[in-house]
Amino acid sequence: MNLRRFLGMDIAREKYAYARDAAVGHISAQKVAHDWVKTTCGYCSVGCGMMLGIREGQVVTSRGDPGHPVSRGKLCPKGLAEHYVLNAENRAMHPLLRIENALSRVSWDEAMQTMAGRFRRVAERYGPESIGVISTGQLVTEEFYTLGKLVQLGLGTSNYDGNTTLCMSTAVAGYKRSFGSDGPPGAYEDLARADVILLIGANIAENHPILCQHLDANRAKTLIVADPRVTKTAMMADIYLPVRPRSDLALVNGMAHILIRDGLIDREYISQHTKGFDELCRCVEKYNPEYVAGITGLSPELIHNVTHLYGKAKAAFIGWTMGVNHSSKGTETVNAINNLALLTGNVGRVGGTPFSITGQCNAMGTRESGFTSSLPGYRKFESAADREELARLWSIPAERIPTARGLAYPDIIDAVLKKRIKALWIIATNPLVSFPNIEVLKQALGELEFLVVQDCFHPTPTTELAHMVLPAAGWGEKEGTYTNSERRVSKVNAAVSPPGQALSDFEIFLRLADELDCRDELFTGWKEPRDAFEEWKRVSAGRLCDYSGITYEALEEAGGIQWPFPKSTDSPADATRRLYSDGEFKTDDGKAQLICTEWEPFPEQPSANFPFVLNTGRTVEHWHTRTKTGAVAILEQISPRAWLEMNPVDAKRLMLRPHELVDVVSTRGRVRRVELRITEMIAPGQVFVPFHFAEWNINEVTQDIFDPISREPNYKQCAVRVERSSLAPVR
Ligand code: SF4
């Protein structure tokens, strides 16, 4: 190569050679495909339909599926480059077992026998609840359903949760408290049909980009964005509300105050379909515009005007994501948002809904069919009738079904620290980057007798600590379904085989069930994901998330179907678009609960030593802990390193210059040598750092404080200081 370059020969010809593609004309010759496989994007919960182009057994390109109702042929940068992940160098290829402090290859038989044997020994010695399992929102629903049964009934532990507790458990808890069940009530179509859209702590332009085309389709809307940071989404707004960190709950209560005071409420809807109105009136009485202005930093006039826009809208949509969920007051904030929707009758109405935009591609699938915060089919652990129904469906004694959920993710980690959990199985997640106050987690994992990490990638910071690594097939290599934020179930297909000896998570679960001697009982005759899907359809029948009329074939044809879709539904065109349109909720008396909530300041306030409020979040090029996107050259080239955003006023005071390297310090740790970006996107007194980068892991400094109801971490606010780094060269 060097000689050819030295001689002036073209060494990159194949990289820019072009060829003719039947659909799009001239394109890079490297991207010309001979066959196409339809599937669904494996990153975020928008659930874009895509087509994978295959040539000579390799996936050479990803394209948007023009017929897909969600994405209509579009993909964001991550989706467009997703096929590169399949050939990443850091794919996990072989089962590995730690022998004499090094991970060594073993066969699948040895891995499964060892895992079953070690788990069995731990259970015999300390009881089955000394085993913990932490999964993800990235598997297909068929795998979540299988895993839930395997963990709760095969391993016999309820200490099972997902990394969805780090992002969506707040929305789940909020929906359950207000409406009696989890399940987002609205549809993406509502973004195009609402006349007022209020986004709170939701930077969809960066994190759910393809949703923006649904917004763009709505020319008549007024878009209001509340966010402490001037995000790309805030830049799209008609009205931007620069709220102070964690003042969202005060703002929403203030809006409820004005709606009630000024008669902008739907009294008939409130009396027929809700309870708790009088208590709510008393609770929000003190949230007058002046009081709320003092907390949020907005003017009383702005709060008044925005509330009147919302209250007078024919259909009003409120969307939120992590700005609300990542808070120790998150569940209450979701309830306060639901209050606004209920006060104005904006639930189940075309264009009118409260709407949690979920995070991972199949966070919804684990919520519906998993066995973590609910029994499968949104059944309640505490309901004897629900447990008996499930037991009948599974032909097992009802006593085997737990009567309460086990420990949530942060409490599993705490139990490891306290030596109550001795063996842990982590599936498709990388907590050594994503968990708050990482030092505590590192300490906890060091206490374990046996740590199994099942992942598509190795090494990751988490697999490096494991006693056993199980190589899993990834997106593009397996079959099943995902559910997106609007309850749309979409088909996921394999385009290629997994690398090396990697197996689908479904196959790994069945092999472990074999070793645990529970396969015949729990998974009778199962061979492929379709078997799990057929059983899940029966288990979901009659529930809010009814899948019983859905088939794989119909999913392929329709490009996804929204649940509930009972057997009696004639065609996907007749699918239920919105929940609760009849005003009947899933509470005992069918009425939604208006809930009193109380604003309070975030737990760790800035001080003389730590004068900044740290906010963390995402960038469009990367996904979570970068195990996937870090392996995609084009995304890495665009966004190769972490940065810190600081307002020019603060930078001047600290005498810092653009692109200098700074350290971020809290009482918990120090993140070194982060590139400084001086920008008015961030208000004075606040700083922002993306959370994707293990090399600059901002979770070294975030705080391990959790929402008491949902157990979700308070990632969004903690007190830090910023210092100029030492003068060593840039990495
Ligand atoms: S918006 Fe989400 S689902 Fe769509 S292509 Fe991007 S990452 Fe994938």
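The values are calculated or read from the model by the stated rules, or taken from the named source; none is laboratory data. Bear in mind the structure is a predicted one, so any value in this text is a computation, not a measurement. Glycine also receives a Cβ, built like all others from the backbone with ideal geometry; neighbour counts cover every protein chain displayed. Ligands, DNA and RNA are stripped out before the accessible areas are found, and what is left, the full protein with its side chains, is counted by its heavy atoms. Shrake-Rupley method; radii C 1.70, N 1.55, O 1.52, S 1.80 Å.
Checked against the criterion of being under 23 Å from L579 (Cβ atoms), modelled with pLDDT of 95 or more and open to solvent by 10 Å² or more (accessible area, probe 1.4 Å), the candidates A313, A336, A341 yield just one match: A313. Scanning the range 207-228 for residues that are open to solvent by 10 Å² or more (accessible area, probe 1.4 Å), touching a residue at least 40 places away in the same chain (Cβ under 8 Å) and within 16 Å of the ligand (Cβ to nearest atom) yields a total of 4.
Of all residues in the range 187-215, which are assigned to a loop (DSSP other than H, G, I, E, B), within 18 Å of the chain's Cα centre (by Cα) and small (G, A, S)? Within the range 187-215, A187, G201, A202 meet the criteria.
When every residue of the range 262-269 is checked against the conditions, none turns out to be open to solvent by less than 20 Å² (accessible area, probe 1.4 Å), modelled with pLDDT of 95 or more and either closer than 21 Å to F355 by Cα or in a helix (DSSP H, G or I) (or both). Residues in the range 631-657 that are part of a helix (DSSP H, G or I) and within 15 Å of the ligand (Cβ to nearest atom): I634, L635, I638. Just one of (1) under 34 Å from the mean Cα position of the chain (by Cα); (2) more than 16 Å from the ligand (Cβ to nearest atom); (3) assigned to a loop (DSSP other than H, G, I, E, B) fails for I11. It is (1).
Taking the listed residues R400, R392, R405, R387, the one that is over 27 Å from I698 (Cα atoms), under 21 Å from the mean Cα position of the chain (by Cα) and open to solvent by 20 Å² or more (accessible area, probe 1.4 Å) is R405, with no other qualifying. When E290, E332, E301 are checked against the criterion of being in contact (Cβ under 8 Å) with a residue 24 or more places away in the chain, assigned to a helix (DSSP H, G or I) and acidic (D, E), a single residue qualifies: E332. Looking across the range 67-96 at every residue that is open to solvent by 20 Å² or more (accessible area, probe 1.4 Å) and over 27 Å from A633 (Cβ atoms), the one that is farthest from the ligand (Cβ to nearest atom) is identified as G67.
Look at G377 and say whether it is assigned to a loop (DSSP other than H, G, I, E, B) and open to solvent by less than 10 Å² (accessible area, probe 1.4 Å). Explain how you work it out, then say what you get.
On the way: assigned to a loop (DSSP other than H, G, I, E, B): yes; open to solvent by less than 10 Å² (accessible area, probe 1.4 Å): yes.
Yes; evaluated as a whole, the condition is true for this residue.
Only one entry in R672, R677, R711, R668 is assigned to a strand (DSSP E or B) and under 23 Å from Q443 (Cα atoms), namely R672.
Counting only residues that are surrounded by fewer than 19 Cβ atoms within 10 Å (Cβ to Cβ) and either within 17 Å of M364 (Cβ to Cβ) or not hydrophobic (A, V, I, L, M, F, W, C) (or both), the range 537-568 holds 11 of them. Looking only at residues in the range 674-696 that are touching a strand residue (DSSP E or B) at 6+ places or on another chain (Cβ under 8 Å) and open to solvent by less than 10 Å² (accessible area, probe 1.4 Å), the one that is nearest to E660 (Cα to Cα) is L676. Just wondering, is there one or more residues in the range 98-112 that are surrounded by 15 or more Cβ atoms within 10 Å (Cβ to Cβ) and touching a Gly at 6+ places or on another chain (Cβ under 7 Å)? Within the range 98-112, none of the residues are surrounded by 15 or more Cβ atoms within 10 Å (Cβ to Cβ) and touching a Gly at 6+ places or on another chain (Cβ under 7 Å).
Of the numbered criteria (1) open to solvent by less than 90 Å² (accessible area, probe 1.4 Å); (2) away from the ligand (no atom under 16 Å from the Cβ); (3) part of a loop (DSSP other than H, G, I, E, B), the one G47 fails is (2).
If you go through the range 50-66 and keep only what is in a loop (DSSP other than H, G, I, E, B) and within 12 Å of the ligand (Cβ to nearest atom), you end up with just D65. Scanning the range 603-621 for residues that are part of a loop (DSSP other than H, G, I, E, B), within 16 Å of the ligand (Cβ to nearest atom) and in contact with a strand residue (DSSP E or B) (Cβ under 7 Å, 6 or more places away or on another chain) turns up R618, T619. Here are A651, A575, A592, A631: which of them is closer than 30 Å to C41 by Cβ, aliphatic (A, V, I, L, M) and open to solvent by less than 20 Å² (accessible area, probe 1.4 Å)? The match here is A575. Please tell me if R641 is surrounded by fewer than 20 Cβ atoms within 10 Å (Cβ to Cβ), within 28 Å of E464 (Cα to Cα) and of a type in the set (K, R). Yes, satisfied. Here G348 meets each of (1) surrounded by 24 or more Cβ atoms within 10 Å (Cβ to Cβ); (2) under 16 Å from F179 (Cβ atoms); (3) out of contact with any Asp or Glu (no Cβ under 6 Å at 6 or more places or on another chain) with one exception, condition (1).
Determine if the range 340-351 includes at least one residue that is within 16 Å of the ligand (Cβ to nearest atom) and within 27 Å of the chain's Cα centre (by Cα).
Filtering the range 340-351 for residues within 16 Å of the ligand (Cβ to nearest atom) gives none.
Scanning the range 340-351, I find no residue that is within 16 Å of the ligand (Cβ to nearest atom) and within 27 Å of the chain's Cα centre (by Cα), so the answer is no.
Close contacts from the range 68-89, counting a first residue that is farther than 23 Å from L555 by Cβ and acidic (D, E) and a second that is more than 10 Å from the ligand (Cβ to nearest atom) and assigned to a helix (DSSP H, G or I), with Cβ to Cβ under 9 Å and a gap of 6+ residues or different chains, come to E89/A631.
Pairs meeting the criteria (first residue in the range 622-634 and modelled with pLDDT of 85 or more, second residue among the polar types (S, T, N, Q) and within 15 Å of the ligand (Cβ to nearest atom), beta carbons under 7 Å, at least 6 apart or on different chains) are H622/T629; H622/S639; W623/T629.
Filtering the range 174-186 to residues that are small (G, A, S) and either in contact with a helix residue (DSSP H, G or I) (Cβ under 9 Å, 6 or more places away or on another chain) or in a helix (DSSP H, G or I) (or both) leaves G174, S178, S181, G183.
Filter the range 168-198 for residues that are aliphatic (A, V, I, L, M) and more than 26 Å from L302 (Cβ to Cβ); which is surrounded by the fewest Cβ atoms within 10 Å (Cβ to Cβ)? Let's see the steps before the verdict.
The initial filter retains those residues of the range 168-198 that are aliphatic (A, V, I, L, M), namely 168, 171-173, 187, 191-192, 194, 196-198.
Of the ones still in play, those that are also more than 26 Å from L302 (Cβ to Cβ) are 168, 171-173, 187, 192.
Details: M168: 30, A171: 31, V172: 28, A173: 23, A187: 24, A192: 19.
Step by step, filter the range 168-198, then rank; the result is A192.
Has the range 123-133 got any residue that is open to solvent by less than 10 Å² (accessible area, probe 1.4 Å), part of a helix (DSSP H, G or I) and either at positive phi or of a type in the set (A, V, I, L, M, F, W, C) (or both)? Checking the range 123-133: not a single residue is open to solvent by less than 10 Å² (accessible area, probe 1.4 Å), part of a helix (DSSP H, G or I) and either at positive phi or of a type in the set (A, V, I, L, M, F, W, C) (or both).
Among the candidates T146, T165, the residue that is at pLDDT below 95, surrounded by 24 or more Cβ atoms within 10 Å (Cβ to Cβ) and outside any loop (DSSP other than H, G, I, E, B) is uniquely T165.
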